[in-house]
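Structure record follows, encoded as structure tokens.
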Amino acid sequence: MTFISICIKTFFKYYDQLVALESKCPHIEVSFRWNDAFGKSGSFFYTSNTITISSIAYEKVCILFNIAALQSHLGTTHVSEGLNNDSALKLSAKYFSSAAGVFQALKHTASSAVGSHDLSSDMQNEVLNILQNLMLAQSQETFFLKATNDNMKEPIIAKIASQCEEYYADVLRQLQVIKSYLDKEWLTIVSVKQAAFHGIAEYFQSIACHQNKDFGEQITRLQKAVDCFKGAESRGTLSFSQTFKEYLNKANVALEEAKKDNDFIYHAKVPEYKSLQSFGRAQLAKPIAVPERFFPNSTDMFEKLLPLGVQQAVQKLELKKQEIVNSEVASLRELTQTLNAVLVSLNLPAAIEDSSGHEVPKSLIDKSNAVKAKGGVDVIQRLINELPELLQRNKEILDENERALNTEEESDDSLRAQFKERWNRTPSSKLNHNWKEHISKYRSILHNAIEADNKVKTKFATHFQKMQLLSTATPSALAAAIPSGASGGSSHQNSPVVSQLRSLMSNVEALKNEREVIESELKNMTFNDMKNKFLSALVKDGAINELALSTEALGEVYGPLQKQIRDSKERQERLIEDIQRSNTEFLKLKGNASSGSNERETFLTELAAAHDAYQELLSNLEEGTKFYNDLTQLLVNLQNKIEDFCFARKAEREELCKDLQNEIVSRSNPPPPSTPAYHTDEQPKPPRPPPPTAPQPMTSGPTVQPQVYPFSQPQPQPQPYAANPYQPQQYYYPPPPL
């Protein structure tokens with residue numbers, strides 16, 4: 001990789017970081033210095049063409065200009081390395097077209113980037129337009145070289161060369177208007193190339209005329225080609241390459257032969273050049289647009305840097321998201337609990353599975369296996385036993401925080417009472433008000449958590465025996481524990497009512513499974529990069545309409561899921577109605593049940609309720625454990641901040657006490673009175689003269705220290721890549737960038 005390639009890659013990375021930084025801190029107060037690429041006056045660091053602006057947008061413009069200039073150098077290098085190398089020519093065309101795209105983009109962004117400042121000469125629209133067309137002309141020229149290497153048909157080569165001539169003609173017209181800005185040699189190179197490519201286009205088109213037997217037009221175009229080559233040679237002998245001379249010789253030879261053949265054989269009329277029709281152009285070189293980022297997947301060095309407004313907007317959005325998730329999850333669970341309660345009250349689906357009155361219904365065996373798979377009662381007991389320790393840990397941290405604040409406040413009040421108005425620092429009661437509010441809020445949270453823990457313990461005690469049975473008993477032990485009932489239910493198993501209830505139970509399970517999926521999606525749903533949306537709004541409008549953006553984002557993400565929850569609720573209401581109606585018919589079919597059957601159904605109902613309570617308690621306890629652990633982290637962070645506050649107040653208190661004590665000591669020990677003159681015969685000594693001072697520098701002018709800012713060196717100039725594109729030793733190379 002060449003030095004210039006490394007430089008371009010570095011510029012790409014730097015530009016990408018500027019893009020990232022601008023979106024977060026558009027008004028950063030950092031000065032960026034730019035030296036006019038075409039400035040020639042003044043010293044190296046300070047020229048009359050230097051501009052300093054505190055704007056990331058302007059720095060982006062300057063970096064893009066550097067990128068385009070270096071791309072033009074790379075384009076020149078690849079052409080010089082291989083005129084007959086297809087890969088080198090393709091790379092050269094790509095670099096020139098990319099540079100043209102950059103200059104085209106700068107025409108639209110440079111003016112807005114400088115604001116109220118004046119543009120440097122290299123950023124003027126007229127200069128940028130010249131540079132864009134010059135890059136396109138050189139890119140088109142590489143296509144011409146490749147076309148000749150590939151031995152393409154003469155009419156096609158003529159059209160490609162004609163487009164080269166058109167690009168160079170545009171550059172030439174503009175250079176003649178503002179030629180004072182740029183190197184005079186540019187004008188010579190461009191004018192030679194414009195005339196030479198006009199001659200090349202006419203030469204290749206003359207060959208096409210010969211092939212089409214248009215002998216008169218052939219002679220006219222050859223004569224025009226010879227005139228163009230001679231004109232190019234007269235404009236700049238040094239810039240007229242050997243290859244151009246070869247084309248001139250070819251055109252002269254072809255013209256003499258064509259005239260001789262026409263005089264002796266064809267006798268075709270030779271038309272005037274003005275009467276000939278244009279043979280068209282083939283525009284192959286086009287600007288390549290500047291990407292938003294050159295390396296889209298590169299690491300953002302400022303990833304965690306966000307403006308305060310964006311941080312606050314993200315935090316508010318996260319709170320709203322959590323509120324929606326908690327509310328919808330609670331709604332889903334409440335619906336499921338209601339459905340389970342209805343099924344338990346009706347002893348479903350056990351009632352339709354209990355055909356013999358002695359065997360364990362299949363649904364209860366499944367519920368027992370589910371309880372065992374999750375650890376049974378021991379898991380619930382272990383989680384409940386851990387709650388007091390987790391609670392006590394958080395209470396101790398909270399008590400310690402409150403004790404530290406109270407101790408610091410009491411010390412401040414005591415010293416204020418002692419020193420009265422001389423204790424002139426802000427009272428602790430005002431400074432620690434927010435901390436105490438946080439502590440009060442967390443105490444309220446802990447109080448609510450204690451109440452929730454008690455409810456969990458009460459529910460566990462209520463269903464403990466049946467949970468224990470489900471988690472430990474084998475199917476045979478479970479069957480022995482369930483009271484026997486009257487048989488004869490098997491005669492109803494094939495009735496339409498039982499089939500209907502079975503279908504409804506399947507719908508219940510499907511509904512529960514759907515809700516588990518919805519709950520999982522609610523908890524795992526993410527937003528599509530809201531930070532960037534907030535940043536874009538801040539850059540565009542100067543403020544963030546957090547409410548509108550958050551509402552829109554939340555609606556897009558959670559709207560479909562909320563609709564599913566509403567649909568699920570409506571389906572449940574219809575499902576419960578169908579279950580109750582079918583169960584009524586089922587009870588009529590069974591007739592009056594015996595006392596044994598009632599006792600059995602009650603026991604089965606309690607087992608089903610214990611299973612549902614187990615699932616609910618396990619979920620609540622897992623969430624409770626996570627809640628206490630998360631709360632511990634929050635309280636530790638609060639404790640660190642309070643400790644920092646108390647330490648700072650202590651240091652301030654000690655410093656103030658020291659100052660007050662020194663003041664008291666100085667007042668209690670006044671200095672002794674001065675001795676009268678008549679008490680001594682000694683004459684007072686004259687005061688010592690001041691020490692000699694070092695000679696000061698002359699102030700005829702300010703001393704300027706050289707200062708180097710990022711990318712403040714003279715910028716490389718985009719160059720026409722060759723005065724003689726076919727003889728590399730005659731290339732025009734600008735001084736390398738420093």
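Can you confirm whether Lys193 is at pLDDT 90 or above, in the same structural domain as Arg281 (by the TED database) and closer than 20 Å to Lys260 by Cβ? Full working, then the answer.
Working: at pLDDT 90 or above: yes; in the same structural domain as Arg281 (by the TED database): yes; closer than 20 Å to Lys260 by Cβ: no.
It is false that Lys193 is at pLDDT 90 or above, in the same structural domain as Arg281 (by the TED database) and closer than 20 Å to Lys260 by Cβ.
Cβ-Cβ contacts under 6 Å between residues 6 or more apart (or on different chains), taken from a first residue in the stretch 245-257 that is within 17 Å of Thr220 (Cβ to Cβ) and not assigned by the TED database to the domain that holds Arg221 to a second residue that is part of a helix (DSSP H, G or I) and open to solvent by less than 30 Å² (accessible area, probe 1.4 Å), are absent.
Of all residues in the stretch 580-616, which are more than 30 Å from Val377 (Cβ to Cβ) and modelled with pLDDT of 80 or more?
Residues of the stretch 580-616 that are more than 30 Å from Val377 (Cβ to Cβ), as a first pass: 580-595.
Answer for the stretch 580-616, where residues must be more than 30 Å from Val377 (Cβ to Cβ) and modelled with pLDDT of 80 or more: Gln580, Arg581, Ser582, Asn583, Thr584, Glu585, Phe586, Leu587, Lys588.
Checking each residue in the stretch 536-547 for being open to solvent by 50 Å² or more (accessible area, probe 1.4 Å) and in contact (Cβ under 8 Å) with a residue 24 or more places away in the chain picks out Ser536, Val539, Ala543. Considering the stretch 416-431, the residues that are out of contact with any helix residue (DSSP H, G or I) (no Cβ under 7 Å at 6 or more places or on another chain) and surrounded by 12 or more Cβ atoms within 10 Å (Cβ to Cβ) include one that is nearest to Leu638 (Cα to Cα), namely Leu431.
Taken residue by residue, the stretch 175-188 has no member that is closer than 20 Å to Tyr273 by Cα and either among the hydrophobic types (A, V, I, L, M, F, W, C) or modelled with pLDDT of 90 or more (or both).
Here's the yes/no breakdown for (1) out of contact with any Gly (no Cβ under 6 Å at 6 or more places or on another chain); (2) within 30 Å of Asn85 (Cα to Cα):
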site	(1), (2)
Leu119	yes, no
Ile130	yes, yes
Leu136	yes, yes
Phe144	yes, yes
Asn149	yes, yes
Lys153	yes, yes
Ser162	yes, yes
Thr188	no, yes
Ser191	yes, yes
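Evaluate the following for Ala449: is it touching a residue at least 12 places away in the same chain (Cβ under 8 Å) and either closer than 24 Å to Asn629 by Cβ or out of contact with any helix residue (DSSP H, G or I) (no Cβ under 8 Å at 6 or more places or on another chain) (or both)? Answer is yes for this residue.
Residues checked against (1) basic (Lys, Arg); (2) free of Cβ contacts under 8 Å to residues at least 60 places away in the same chain; (3) within 20 Å of Phe38 (Cα to Cα):
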{"position": "Glu126", "(1), (2), (3)": "no, yes, yes"}
{"position": "Ala147", "(1), (2), (3)": "no, yes, no"}
{"position": "Ile157", "(1), (2), (3)": "no, yes, no"}
{"position": "Ile160", "(1), (2), (3)": "no, no, no"}
{"position": "Glu166", "(1), (2), (3)": "no, no, no"}
{"position": "Val171", "(1), (2), (3)": "no, yes, yes"}
{"position": "Gln176", "(1), (2), (3)": "no, yes, yes"}
{"position": "Leu187", "(1), (2), (3)": "no, yes, yes"}
{"position": "Val190", "(1), (2), (3)": "no, no, yes"}
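Yes or no, residue by residue, for (1) in contact with a helix residue (DSSP H, G or I) (Cβ under 9 Å, 6 or more places away or on another chain); (2) open to solvent by 70 Å² or more (accessible area, probe 1.4 Å); (3) among the aromatic types (Phe, Trp, Tyr):
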residue	(1), (2), (3)
Val329	yes, no, no
Thr338	yes, no, no
Lys372	yes, yes, no
Gly375	yes, no, no
Leu383	yes, no, no
Gln392	no, yes, no
Ile397	yes, no, no
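Just one of the listed residues (Leu319, Leu284) is open to solvent by 60 Å² or more (accessible area, probe 1.4 Å), among the aliphatic types (A, V, I, L, M) and under 30 Å from Asp567 (Cα atoms), namely Leu319. Taking every residue in the stretch 79-91 that is more than 18 Å from Ala285 (Cα to Cα) and assigned by the TED database to the domain that holds Leu136 and pairing it with any residue that is part of a loop (DSSP other than H, G, I, E, B) and open to solvent by less than 70 Å² (accessible area, probe 1.4 Å), at least 6 positions away or on another chain, the pairs with Cβ-Cβ distances below 9 Å are Ser80/Tyr721; Ser80/Ala722; Ser80/Pro725; Ser80/Tyr731. Among the residues of the stretch 574-593, just one is open to solvent by 70 Å² or more (accessible area, probe 1.4 Å), more than 55 Å from the chain's Cα centre (by Cα) and more than 16 Å from Leu348 (Cβ to Cβ), namely Asn592.
Answer yes or no as to whether Glu257 is surrounded by fewer than 17 Cβ atoms within 10 Å (Cβ to Cβ) and assigned to a helix (DSSP H, G or I). It would help to see each step written out before you state the result.
On the way: surrounded by fewer than 17 Cβ atoms within 10 Å (Cβ to Cβ): yes; assigned to a helix (DSSP H, G or I): yes.
So Glu257 fits the description; yes.
How many residues are at pLDDT below 85 and either open to solvent by less than 80 Å² (accessible area, probe 1.4 Å) or of a type in the set (Lys, Arg) (or both) when one looks only at the stretch 513-528?
Taking the stretch 513-528 as the starting set, the residues that turn out to be at pLDDT below 85 are 526-528.
Going one step further and asking which of them are either open to solvent by less than 80 Å² (accessible area, probe 1.4 Å) or of a type in the set (Lys, Arg) (or both), we end up with 527.
Of the residues in the stretch 513-528, 1 are at pLDDT below 85 and either open to solvent by less than 80 Å² (accessible area, probe 1.4 Å) or of a type in the set (Lys, Arg) (or both).
Yes/no per residue for (1) under 21 Å from Asp36 (Cβ atoms); (2) open to solvent by less than 10 Å² (accessible area, probe 1.4 Å); (3) β-branched (Val, Ile, Thr):
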site: Asn66; (1), (2), (3): yes, yes, no
site: Asp86; (1), (2), (3): no, no, no
site: Phe96; (1), (2), (3): no, yes, no
site: Leu106; (1), (2), (3): yes, yes, no
site: Thr109; (1), (2), (3): yes, no, yes
site: Leu134; (1), (2), (3): yes, yes, no
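With respect to (1) among the hydrophobic types (A, V, I, L, M, F, W, C); (2) assigned to a helix (DSSP H, G or I); (3) over 24 Å from Gln205 (Cα atoms), the lone exception for Phe143 is condition (3).
Conditions (1) assigned to a helix (DSSP H, G or I); (2) modelled with pLDDT of 90 or more; (3) open to solvent by less than 80 Å² (accessible area, probe 1.4 Å); (4) among the hydrophobic types (A, V, I, L, M, F, W, C), marked per residue:
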position: Pro483; (1), (2), (3), (4): no, no, yes, no
position: Ser487; (1), (2), (3), (4): no, no, no, no
position: Leu511; (1), (2), (3), (4): yes, yes, yes, yes
position: Phe534; (1), (2), (3), (4): yes, no, yes, yes
position: Leu549; (1), (2), (3), (4): yes, no, yes, yes
position: Gln572; (1), (2), (3), (4): yes, yes, yes, no
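Of all residues in the stretch 111-132, exactly one satisfies the criterion of being loosely packed, with under 14 Cβ neighbours inside 10 Å, in a loop (DSSP other than H, G, I, E, B) and among the polar types (S, T, N, Q), namely Ser116.
Taking first residues from the stretch 311-335 that are closer than 20 Å to Glu519 by Cβ and part of a helix (DSSP H, G or I) and partners that are at pLDDT 90 or above and open to solvent by 60 Å² or more (accessible area, probe 1.4 Å), the Cβ contacts under 7 Å between residues at least 6 apart in sequence or on separate chains come to Leu335/Lys569. Under the condition of being more than 27 Å from Ala268 (Cα to Cα) and open to solvent by less than 10 Å² (accessible area, probe 1.4 Å), the residues counted in the stretch 198-235 number 1.
Select from the stretch 123-175 the residues that are small (Gly, Ala, Ser) and more than 30 Å from Ala110 (Cα to Cα) and write down the one among them that is nearest to the chain's Cα centre (by Cα). Only one residue tops the list, namely Ala147.
The values are calculated or read from the model by the stated rules, or taken from the named source; none is laboratory data. Bear in mind the structure is a predicted one, so any value in this text is a computation, not a measurement. No Cβ is skipped: glycine too gets one built from the backbone with ideal geometry, and neighbour counts run over all protein chains shown. Surface areas here come from the heavy atoms of the whole protein model, side chains and all, with no ligands, DNA or RNA. Shrake-Rupley method; radii C 1.70, N 1.55, O 1.52, S 1.80 Å.
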